[in-house]
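Novice: If you scroll down you'll find the structure; I have some questions about it.
The values are calculated or read from the model by the stated rules, or taken from the named source; none is laboratory data. Nothing here was measured: the structure is a model prediction, and the numbers come from that model. Methodologically, a virtual Cβ is constructed for each residue, glycine included, from the backbone with ideal geometry; neighbour enumeration extends over all protein chains shown. Please note that ligands, DNA and RNA were not included when accessible areas were found on the heavy atoms of the full protein model with its side chains. Shrake-Rupley method; radii C 1.70, N 1.55, O 1.52, S 1.80 Å.
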Amino acid sequence: MDVLDEPLYANFLRLTGFDRPYREELLSKMPSFNKVVPPSFMELGVAELVAIYSELRELGCPPPVIDADDLQRDPETFPFAFYDLLEQSLPFYNMLKRHVRKTAGYLQPPQSDPPLPVPENKKILVWVGDELLPRDSARISVFDSVVQGGDAVWEGLRIYDGKIFKLEEHLDRLFDSTKAMAFSNVPSRDWIKDAIFKTLNANGMFNNAHIRLTLTRGKKVTSGMSPTFNLYGCALIVLAEWKPPVYDNSHGIKLSTATTRRNSPNSVDSKIHHNNLINNILAKIEGNLAQAQDAIMLDQDGFVSETNATNIVSVHIYGKKGIVLTPHADYCLPGITRATVMDLVVKENLVLHERRISLSEFHAADEVVMIDGRDIGDGKIGLVTRQIQNAYKVLTAGLGVPIPRNAEA
């Protein structure tokens, strides 16, 4: 008995590596699969293509017909417009590819995506280069400098009640960093702000959101370290996410002290807000291993500099007077939030000292919580810290650059 096998299904099995569910049973009963019925006009889907072609011709928009053999012989004749069309089809193609993942002739078991801290971020749109892309399609070239060597600068922006807090100050620092890094073909301030506003509007983010704003040196013509290979101009990434505060502002956090020292200005100056964060990441790894939320980093002389992610202060109560100490910004980033908090400390009639601070002074503080496993003070948020937090909350509610809504942009 001859077995007739439908060709499209057979081709599907061959490409995906799937086994026919009843294959073994069928093979045991049937002598061969030698005879194949040629596919019909309808089975190949040609009838639908002809119908679509005819309809478009009647509308006066006949689509071009490309012969695959001609394209293979002379790819230069392929119109550039079709390259754009194929590029626009990539998100759909990637979606299909996720359903059938094939490697070297066998099909890998499907892998589910890990859960997101905020599930709503699954469908965000990200600004990359000069366009908004879905999260899963947001990519940057393997030739980009941020991939080749962490060669980029960035800012972190917070959104409160329809406003971007300290936007102008963050952009000032971003452009200062591009000057220190000798970037060329830097986009204008207005263009970057427009990209930020468009991203926030597209995602409907007007409160409780955070932006990771990155400007890379751009794509290179070939891999290598030299900025002379960067001939395309800078690349902008606006990554806006729904993101609650990173730290627990009600109960405090646990910190450990890292053995990794903060970069010296003699090597990589922390005043450049750059993307080469290996120094911080190594300290963060130490904090993770110590089961702490973050790690304190010391300078080369053993004085406290900052944590792997933020600036740091200690509060000391003498009598009824609160004294706030913060390290010099010699090794640490002179953060915008740091400067804001320092101003608030003075406005709240507290005493502020900016100086070198030893680790033992932090251990003896009244309102630094859980350093190296020690309870500082009573291990809870202190009165002075709460006073500064409340003043900061009032400030963020009133200040910021309003986000133009789509109708206004």
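Novice: Identify, from the list VAL186, VAL126, VAL153, the residue that is open to solvent by 40 Å² or more (accessible area, probe 1.4 Å), at pLDDT 95 or above and touching a helix residue (DSSP H, G or I) at 6+ places or on another chain (Cβ under 7 Å). Explain how you work it out, then say what you get.
Specialist: Details: VAL126 fails: open to solvent by 40 Å² or more (accessible area, probe 1.4 Å); VAL153 fails: open to solvent by 40 Å² or more (accessible area, probe 1.4 Å).
Going through VAL186, VAL126, VAL153 in turn, just one is open to solvent by 40 Å² or more (accessible area, probe 1.4 Å), at pLDDT 95 or above and touching a helix residue (DSSP H, G or I) at 6+ places or on another chain (Cβ under 7 Å): VAL186.
Novice: So, one more: Scan the range 292-309 for residues that are more than 17 Å from ARG355 (Cα to Cα) and open to solvent by less than 50 Å² (accessible area, probe 1.4 Å) and report the count.
Specialist: At the first step, the residues of the range 292-309 found to be more than 17 Å from ARG355 (Cα to Cα) are 292-295, 308-309.
From what's left, open to solvent by less than 50 Å² (accessible area, probe 1.4 Å): 292, 294-295, 308.
So the count comes out to 4.
Novice: Please work out which one of (1) more than 20 Å from THR307 (Cα to Cα); (2) open to solvent by less than 40 Å² (accessible area, probe 1.4 Å); (3) free of Cβ contacts under 8 Å to residues at least 24 places away in the same chain is the condition ASP172 fails and give its number.
Specialist: With respect to (1) more than 20 Å from THR307 (Cα to Cα); (2) open to solvent by less than 40 Å² (accessible area, probe 1.4 Å); (3) free of Cβ contacts under 8 Å to residues at least 24 places away in the same chain, ASP172 is out only on (2).
Novice: Quick one: in the range 258-291, which of the residues that are open to solvent by 40 Å² or more (accessible area, probe 1.4 Å) and polar (S, T, N, Q) is farthest from SER177 (Cα to Cα)?
Specialist: Residue satisfying both the conditions and the ranking: GLN291.
Novice: Checking the conditions here, which among HIS328, HIS316, HIS353 is open to solvent by 10 Å² or more (accessible area, probe 1.4 Å), modelled with pLDDT under 85 and outside any helix (DSSP H, G or I)? Even if it seems obvious, please write down each step before you answer.
Specialist: Working: HIS328 fails: modelled with pLDDT under 85; HIS353 fails: modelled with pLDDT under 85.
Only one candidate passes the filter, namely HIS316.
Novice: For the range 337-350, what are the residues that are in a loop (DSSP other than H, G, I, E, B), out of contact with any helix residue (DSSP H, G or I) (no Cβ under 6 Å at 6 or more places or on another chain) and open to solvent by 50 Å² or more (accessible area, probe 1.4 Å)?
Specialist: ASN349
Novice: Out of the residues in the range 197-234 meeting the condition of being open to solvent by less than 30 Å² (accessible area, probe 1.4 Å) and within 14 Å of the chain's Cα centre (by Cα), tell me which one is farthest from ALA309 (Cα to Cα).
Specialist: THR199
Novice: Counting just the residues of the range 149-192 that are within 21 Å of the chain's Cα centre (by Cα) and of a type in the set (S, T, N, Q), which one comes out nearest to ALA235 (Cα to Cα)?
Specialist: Checking each candidate, the answer is THR178.
Novice: Now, a different point. On the given criteria, is ILE371 touching a Phe, Trp or Tyr at 6+ places or on another chain (Cβ under 6 Å) and modelled with pLDDT under 90? Before you say what the answer is, go through the steps one by one.
Specialist: On the way: touching a Phe, Trp or Tyr at 6+ places or on another chain (Cβ under 6 Å): yes; modelled with pLDDT under 90: yes.
Considered against the rule, which asks whether it is touching a Phe, Trp or Tyr at 6+ places or on another chain (Cβ under 6 Å) and modelled with pLDDT under 90, ILE371 comes out as yes.
Novice: Filter the range 175-195 down to the residues that are among the hydrophobic types (A, V, I, L, M, F, W, C) and touching a residue at least 60 places away in the same chain (Cβ under 8 Å), then identify the one that is nearest to MET205 (Cα to Cα).
Specialist: Filtering the range 175-195 for residues among the hydrophobic types (A, V, I, L, M, F, W, C) gives 175, 180-183, 186, 191-192, 195.
Add one more test, that the residue is touching a residue at least 60 places away in the same chain (Cβ under 8 Å), and what stays is 180-181, 195.
Numbers: ALA180: 32, MET181: 31, ALA195: 14 Å.
Checking each candidate, the answer is ALA195.
Novice: Now for a different question. Please name all residue pairs, on different chains or six or more residues apart, with Cβ atoms under 8 Å, provided the first residue is in the range 130-146 and is in a helix (DSSP H, G or I) and the second residue is at pLDDT 95 or above and among the hydroxyl-bearing types (Ser, Thr, Tyr).
Specialist: So the pair list comes out as SER145/THR216; VAL146/THR214; VAL146/THR216.
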